[in-house]
Amino acid sequence: MGIPVIDLLGALAPGGPRVPEVVRQLREAAMASGFFYVRHHGVDRWMVQRQFALARELLELPAERRAALSIRHSPIMRGFEALGEQTLDAAMKPDLKESFYCGMDWPAEHPFVQAGYQTYGPSQWPEELPQAKGLCEAYIAAMNRLTERIMQLMALSLDLPERYFDTACREPMVTLRMIRYPAHPADADERTFGAGAHTDWGAITVLAQDHHGGLEVQTPGGDWVEAPPMEDAFVVNLGDMIPRWTNGRYHSNPHRVRNRHSGGAPRFSIPFFFEPNYLARIEAVPGTVAPGERPRWAPCTAGEHLREMYQRTYARTPA
Ligand SMILES: O=C(O)CCC(=O)C(=O)O
Ligand SMILES: [Fe+2]
């Protein structure tokens with residue numbers, strides 16, 4: 001089973017001619033692995049290319065500069081993650097990747113910033129790259145538009161009103177991550193990964209990957225399939241909040257990365273993580289719990305859910 005490709009042409013705006021067809025395809029993908037490609041997604045190609053160029057510049061800053069702007073210095077995990085700092089699959093070795101995390105620019109007086117809530121606070125921008133903040137914020141704005149639309153299509157796919165999730169998605173928790181994976185070592189054992197098998201934690205992840213490949217996705221049957229790069233397409237996958245929101249009807253499947261096909265070059269990828277508002281209540285939506293049955297998950301807030309997940313893989317507690 002491959003990963004389906006969903007063409008968003010004619011479905012990016014409410015009332016578009018292809019909305020019913022896209023909603024059907026989305027439902028099918030969400031009930032299978034929770035992974036799909038999107039084409040004609042409305043994000044300019046040059047914007048994605050520019051973002052990859054920036055990812056390279058960021059992750060090629062001298063190691064001591066990156067260490068000075070480490071996520072360890074940020075209560076909300078913004079900044080640079082070093083090689084081996086995260087272990088996405090606790091049964092495996094630490095991940096062979098390094099990354100830069102940033103987010104939206106919230107005003108210091110916003111109540112969520114004041115409260116120190118995860119994701120709502122300042123990023124750490126390197127002064128050597130003065131263009132970084134503007135580029136990332138523009139990219140995040142484009143990703144926000146795309147994900148908000150995917151959430152609307154998802155609402156339709158659950159026979160809910162198109163704007164059902166809009167309120168929960170206001171002032172969302174978003175994280176943009178730029179990752180560099182060194183080439184997979186020739187002598188690596190089977191416990192070595194660029195990113196160990198994991199599910200994403202939020203609602204929607206939109207991933208731009210370079211041309212090297214290396215992402216693998218677990219199918220509902222348990223096999224691992226490659227999610228090869230596709231020009232001008234993003235890989236979209238559902239995170240753990242979606243099963244919680246749909247009482248298990250939609251899936252967030254494990255995936256992992258090994259940079260094995262690049263001929264020794266590093267692999268870059270840019271995942272954008274979209275989660276609802278920190279205070280949004282995540283509980284089974286209407287129509288997903290059969291009469292007489294109990295929901296599979298206890299309700300929680302989106303913030304509680306995310307906080308628990310960071311704690312598990314970084315062995316530290318963000319706000
Ligand atoms: O680099 C990739 O292709 C995937 C990264 C990923 O799964 C993540 O950051 O959650
Ligand atoms: Fe992931």
Q | Cα-based helix-to-principal-axis angle, 45-59 vs the chain, degrees rounded to 10 | A | 40 degrees
Q | Degrees, to the nearest 10: 19-31 long Cα axis against longest axis of the chain | A | 70 degrees
Q) Say we join alpha carbon atoms closer than 10 Å with springs in a Gaussian network model of the chain; which of PRO291, PRO299, PRO266 then has the biggest fluctuation? A) PRO291
(Q) How charged is the neighbourhood of VAL48? Take every other residue with its Cβ under 11 Å from the Cβ of VAL48, and add Lys/Arg as +1 and Asp/Glu as -1. (A) -2
Q | Taking the C-alpha atoms of the range 173-314, convex hull volume expressed per residue in Å³ | A | 130 Å³
Q | Span from the the range 231-289 Cα centroid across to the the range 208-227 one, whole angstrom | A | 13 Å
**Q.** At 1.567 mPa s and 4 °C, Stokes diffusion of the range 33-131 via Kirkwood alpha-carbon radius, µm² per second
**A.** 82 µm²/s
**Q.** Sites matching GluC sites (Glu not before Pro) across the range 172-247 that sit in DSSP coil, with at most 16 neighbouring C-beta atoms within 10 Å
**A.** GLU190, GLU231
Q | Approximate shape of the chain as ellipsoid semi-axes (Cα gyration tensor, √5λ), whole Å, largest first | A | 29, 23, 20
**Q.** Cα-based helix-to-principal-axis angle, 302-314 vs the chain, degrees rounded to 10
**A.** 40 degrees
Q. If you keep only loop residues by DSSP, which trypsin sites (Lys or Arg not before Pro) in the range 140-212 have at most 16 other Cβ atoms within 10 Å of their Cβ?
A. ARG163, ARG170, ARG191
Q: Grab the DSSP H runs of the chain that are 4 residues or longer, score each as -39,500 (n - 2.57), total them, divide by all residues and round the 222 nm result to the nearest 500 deg cm²/dmol.
A: -8000 deg cm²/dmol
Q.
Below 8 Å, C-alpha to C-alpha, sequence gap of six or more: please give me the relative contact order for the range 5-314 in percent.
A. 21 percent
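Any read-out appearing in this document is the output of simple, stated calculations on the displayed coordinates, not a laboratory observation. Everything numeric in this text was worked out from a predicted model, so none of it was measured. All Cβ positions, even for glycine, are placed from backbone atoms using ideal geometry, and neighbour counts span all protein chains on display.
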